[in-house]
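Notes for the one structure printed next.
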Amino acid sequence: MKTDYSIGIDIGGTNTDLGLVDSNGHCVVIQRFATEDHGNAIEFVDELVNQIKMMLSETGIHKISGIGVGVPNGNYYTGCIDNAVNLNFKGKIYLKDLIQERIDVNVVVSNDANAAAYGEMIYGAARRMRHFIMFTLGTGVGSGIVIDGKLVHGFDGYAGELGHAILHPNGRLCNCGRRGCLEQYTSARGIKKTYIELLQQSGKSLTEEEMEKINGKDISDRATQGDVLAIKTYRLVGDALGLAMANAVAFSSPEAIFLMGGPVKAGEVLLEPLRKSFNDNILSIYKGRVKILISGLNENQSAILGAAALTRA
Ligand SMILES: [Zn+2]
């Protein structure tokens, strides 16, 4: 079978990664440039297209089947980025049109969590699954829902914002303007916040600088070494996520729920309380029938693979 190639692009607030991916899900080459260097969308797309052309000329591969883009607030139906909080480009950016004005190829845009779910289905551990949900834990918490082998986009392209399901009414203020969203407790930032709160409650006073320095890896290292408050932090994260996942099961009856992202690297210290909370909270008809799995994609390439997989939608 002749190999064909697509390009996957992952646009984040700090960096944009792009990769050339073959039909078996191998990243042939990866490039990166700074998203934040570009103050407006036109400049950014000019740079992006230059990078794509450079990649194609360097690899000698000139025919691609499409370009997939995973980006916060990316809309599958319109090909636009709508008011992404973490990007310099505000308002509505007609990303798909801007790329296609410069390169004549199929372009598919979606949000990053949907891309992750699609990547899992095309190249990862969900290859033979028709019903699953992906939770991505990072700076925020995203989710992608696959039902009957199809990614759910919803009426207007915004389906699957389970990170903004309210877990604690009147809880922590979220970037979305409401309070108590799941992502405020289970994202990398949320986990850090919980750990700092527990430290402060235990009577430890921390300087701004000390607080700034603590990162997710520190907390998971401390938990592995037996630090009681770090272990409690992950128990609270597991409780919250397990509950949210049990509720999500009642919505679409998935075969599995996948987890992806930095906080998942904490391993059993997170997964053990998560499984317990999931089993305690799940409706009895689903009990023992839904797998909790870690993404099967290479972590450094998962966003690119997911974006590239969108072109196979
Ligand atoms: Zn929110």
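The values are calculated or read from the model by the stated rules, or taken from the named source; none is laboratory data. Please read these numbers as outputs of a predicted model, since none were measured by experiment. In this analysis, Cβ positions are derived from the backbone assuming ideal geometry, glycine residues included, and neighbour counts consider all displayed protein chains.
Of the numbered criteria (1) surrounded by 16 or more Cβ atoms within 10 Å (Cβ to Cβ); (2) away from the ligand (no atom under 16 Å from the Cβ); (3) under 30 Å from N215 (Cβ atoms); (4) over 18 Å from the mean Cα position of the chain (by Cα), the one Y118 fails is (4). Quick check on my filter: what residues within region 215-267 are assigned to a loop (DSSP other than H, G, I, E, B) and more than 23 Å from A165 (Cα to Cα)? Result: N215, Q225, G226, D227, G267.
Checking each residue in region 122-131 for being surrounded by 24 or more Cβ atoms within 10 Å (Cβ to Cβ) and modelled with pLDDT of 95 or more picks out only A126. One residue stands out among those in region 155-172 that are closer than 21 Å to A115 by Cα and among the small types (G, A, S): the one that is farthest from the ligand (Cβ to nearest atom), which is G157.
In the set L241, L236, which member is buried (at least 23 other Cβ atoms within 10 Å of the Cβ) and not small (G, A, S)?
L241
The single condition among (1) of a type outside the set (A, V, I, L, M, F, W, C); (2) out of contact with any Lys or Arg (no Cβ under 8 Å at 6 or more places or on another chain); (3) surrounded by fewer than 23 Cβ atoms within 10 Å (Cβ to Cβ) that E255 does not satisfy is (2). Only a single criterion out of (1) within 19 Å of the chain's Cα centre (by Cα); (2) surrounded by fewer than 18 Cβ atoms within 10 Å (Cβ to Cβ) is not satisfied by D104, namely (1).
In summary, R275 fulfils each of the numbered conditions (1) modelled with pLDDT of 95 or more; (2) of a type outside the set (A, V, I, L, M, F, W, C); (3) surrounded by fewer than 15 Cβ atoms within 10 Å (Cβ to Cβ) with the single exception of condition (3). Considering each residue of region 190-206 in turn, none proves to be farther than 22 Å from Y76 by Cβ, among the aromatic types (F, W, Y), in contact (Cβ under 8 Å) with a residue 24 or more places away in the chain and within 13 Å of the ligand (Cβ to nearest atom).
Examine region 173-185 for a residue that is within 16 Å of the ligand (Cβ to nearest atom), farther than 30 Å from A313 by Cβ, among the hydroxyl-bearing types (S, T, Y) and in a helix (DSSP H, G or I), and state whether such a residue exists. Checked region 173-185: at least one residue is within 16 Å of the ligand (Cβ to nearest atom), farther than 30 Å from A313 by Cβ, among the hydroxyl-bearing types (S, T, Y) and in a helix (DSSP H, G or I). Looking across region 56-85, just one residue is β-branched (V, I, T), surrounded by fewer than 20 Cβ atoms within 10 Å (Cβ to Cβ) and under 12 Å from K96 (Cα atoms), and that is T78.
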